[in-house]
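To keep things clear, I will list the structure first and then write my remarks on it.
The values are calculated or read from the model by the stated rules, or taken from the named source; none is laboratory data. Note that the coordinates shown come from a computational prediction; the quantities given were computed from them, not determined experimentally. Counting neighbours? That spans all protein chains shown, and the Cβs are built from the backbone with ideal geometry, glycine included.
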Amino acid sequence: MLKRPLLIALAVVVLDRLTKWIVIKTIPYEDVIPIIPGFFRLTHLENTGAAFSLFAESTSPFRTALLIAFSVAALVVVCLLLWRGRHEFNSSTLALSLILGGAVGNMWDSLANGKVTDFLDFYIDTHHWPPFNMADSAIVVGALLLLTRMMRKDHPAPAQRIKR
């Protein structure tokens, strides 16, 4: 039953690679293309930090290695969780599949270039959300799905499931 989660993760990686390649080939570095003036534009930026430019300003010589090590650790945890739930497909499996695909997409860039291409730029006036990419989007959607599943009242806590 791991076929579906792996296909979802692969689809995220392919979509992420494709969109980053299109941006790199068509939008000059630091250029912008307004899509919804005053709210959304496409841009071409390079992020040396984690998702949403976290740690991008760090001057530590270990920054990239630590970010990659953290990504690998997260990938191992996500893969273990997917393996553990391999006989069922539910919102948690979908969420973990999205997170896996997003993590692989961004880690691919970090390993290949030491930086990640970001291009989705949402803003209101001078207030900007940090630019991000499809991999970041998949990670956030996956995390929100997991959070939603955990907060649902009809979803029992792990301790309650063990009791008989």
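Pick out, from the stretch 69-164, the helices (runs of 4 or more DSSP H) lying fully within it that include 1 or more residues that are under 18 Å from the mean Cα position of the chain (by Cα), at pLDDT 85 or above and not basic (Lys, Arg).
In the stretch 69-164, the matching helices (runs of 4 or more DSSP H) lie at 91-113, 134-151.
Which pairs turn up if I take residues in the stretch 105-121 that are surrounded by fewer than 17 Cβ atoms within 10 Å (Cβ to Cβ) and look for partners that are assigned to a helix (DSSP H, G or I) and modelled with pLDDT under 90 with beta carbon separation below 7 Å, at least 6 apart in sequence or on another chain?
LEU111/ILE68; GLY114/THR64
Please go through the stretch 94-126 and pick out each residue that is more than 17 Å from LEU15 (Cβ to Cβ), touching a strand residue (DSSP E or B) at 6+ places or on another chain (Cβ under 7 Å) and hydrophobic (A, V, I, L, M, F, W, C).
Correct list: PHE122 only.
Only one of (1) at pLDDT below 70; (2) within 30 Å of ILE124 (Cα to Cα) fails for ARG41. Which number is that?
(1)
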